[in-house]
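Structure provided below as structure tokens; questions to follow.
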Amino acid sequence: MLLRDFFIHLSENQLLNSAAQKYGLKLGAQSVVAGTNISEVIQSIKELNALGISCTVDNLGEFVFEKSEATAAKEQILAVIEAIHAEGVDAHISLKPSQLGLDIDIDFCYDNLREIVAQAAEYDIFVNFDMENYDRLQVSFDLVEELSKTYDNVGTVIQAYFFRAKEDIEKFKDYRLRIVKGAYKESESVAYQDKLDIDLNYIDLIEYHLLNGKFTSIATHDHNVIEHVKRFVKDHNIPNDKFEFQMLYGFRKEMQISLAKEGYNFCTYVPFGKDWYGYFMRRLAERPQNLNLVTKQVFNK
Ligand code: FDA
């Protein structure tokens, strides 16, 4: 737990975030970040598509407190949408409302999000709203709901560590949802702290949404959960086109490929961009064994 807190603390350090932006991918981040620009990420997507894997693309970005930065992020995401369409690759968008101005001005953020969702809708590209920390949860859900009044290419994420997750999933039962365990450090007044409680709630939420019949993205590297889902869909005759497994770029690559080969829909979350540092630190927080990736990269030059 101490190590997790340490890496989460590092992920939130703005000075280190800004310093990291000045340099290319370092510290082994290139194993889990698919490049720093659009042509590199398109190349990575093509390689995954060739293995029968679809992608969700995340333009990395944290700590956006200036409108100019949020506008630049929006322009970059619009350019990614254009590139997905122009290159005909199998990919959709994942985004974080805080990168588009959530912490600056809600109307400004809404306008940015609407522009992105509208552009993606033109090309029939789905846009998933990643979920961030608890303080941003309700306002992000509100944005998703508001946009989905006009657009049907919007979905979001349910984080199983929150006590309120079941209520939220019931509210969003008609949406395409990604279900995750939850990545941020949250207070014990709002979130389960115990891994077993989180895992049990995670399974419960996945089963609920699968039985509901709406498309479910099961985003986990946990082989026990994946095996459970395989049995569950078989027992309940849930067809493969109603769900997919998702994992992060660079994690459990063999398993990603073999799930796709077994005939399951598989989608890799592909982060890219200069702002790789906070993302990378959160991955180390979740799984300090990922430090192995770092040491391998640093020493196997
Ligand atoms: P967890 O970390 O609980 O590990 C369970 C077990 O799986 C481990 O004990 C180990 O046995 C095995 N395992 C895990 N990783 C492994 C590895 N790399 N190699 C070998 N074995 C491994 N969070 C959030 O708050 N908001 C969001 O929007 C998202 N979005 C998102 C998208 C996608 C595609 C993924 C995969 C994850 C997210 N997350 C997220 C992160 C998520 O909430 C969670 O923090 C991480 O996925 C870690 O939890 P897991 O379920 O993967 O396994």
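The values are calculated or read from the model by the stated rules, or taken from the named source; none is laboratory data. Note that this is a predicted model, so its numbers are computed, not measured. Here the Cβ is made from the backbone with ideal geometry for all residues, glycine too, and neighbour counts use every protein chain on show.
Just checking: which of the helices (runs of 4 or more DSSP H) contained wholly in the range 95-182 hold 3 or more residues that are farther than 25 Å from Ala79 by Cα?
Qualifying helices (runs of 4 or more DSSP H): 137-148, 165-171.
Could you say which residue among Ile158, Ile179 is out of contact with any Pro (no Cβ under 6 Å at 6 or more places or on another chain), under 16 Å from Cys267 (Cβ atoms) and within 13 Å of the ligand (Cβ to nearest atom)?
Ile179
Which one is nearest to the chain's Cα centre (by Cα) among residues in the range 116-133 that are of a type in the set (Asp, Glu) and more than 16 Å from the ligand (Cβ to nearest atom)?
Top of the filtered list is Asp124.
Right, something else. Yes or no: Asp124 under 21 Å from Asp90 (Cβ atoms), crowded, with 19+ Cβ neighbours inside 10 Å, at pLDDT 95 or above and among the acidic types (Asp, Glu)?
Against the criterion (under 21 Å from Asp90 (Cβ atoms), crowded, with 19+ Cβ neighbours inside 10 Å, at pLDDT 95 or above and among the acidic types (Asp, Glu)), Asp124 does not qualify.
Given the criterion over 16 Å from the mean Cα position of the chain (by Cα), over 30 Å from Leu200 (Cα atoms) and surrounded by fewer than 20 Cβ atoms within 10 Å (Cβ to Cβ), identify the matching residue among Glu87, Glu145, Glu167.
When all the criteria are applied, what remains is Glu87.
Could you list, in sequence order, the residues of the range 71-115 that are touching a Phe, Trp or Tyr at 6+ places or on another chain (Cβ under 8 Å) and more than 25 Å from Asp142 (Cβ to Cβ)?
Matches in the range 71-115: Ile84, His85.
Ok, one more. List pairs: first residue in the range 199-219 and of a type in the set (Gly, Ala, Ser), second residue more than 12 Å from the ligand (Cβ to nearest atom) anywhere in the structure, Cβ distance under 8 angstrom, at least six positions apart or on different chains.
Cβ pairs passing all conditions: Gly213/Lys242; Ser217/Arg176; Ser217/Phe243.
While we're on this one: Just checking, which of Gln138, Gln159 is polar (S, T, N, Q), surrounded by fewer than 23 Cβ atoms within 10 Å (Cβ to Cβ) and at negative phi?
From the options Gln138, Gln159, the qualifying one is Gln138.
Tell me, which residue of the range 54-71 that is free of Cβ contacts under 8 Å to residues at least 60 places away in the same chain and surrounded by 15 or more Cβ atoms within 10 Å (Cβ to Cβ) is farthest from Met281 (Cα to Cα)?
Thr71
Consider the range 34-82. How many of its residues are under 14 Å from Phe272 (Cα atoms), out of contact with any Gly (no Cβ under 7 Å at 6 or more places or on another chain) and within 14 Å of the ligand (Cβ to nearest atom)?
Number of matching residues: 5.
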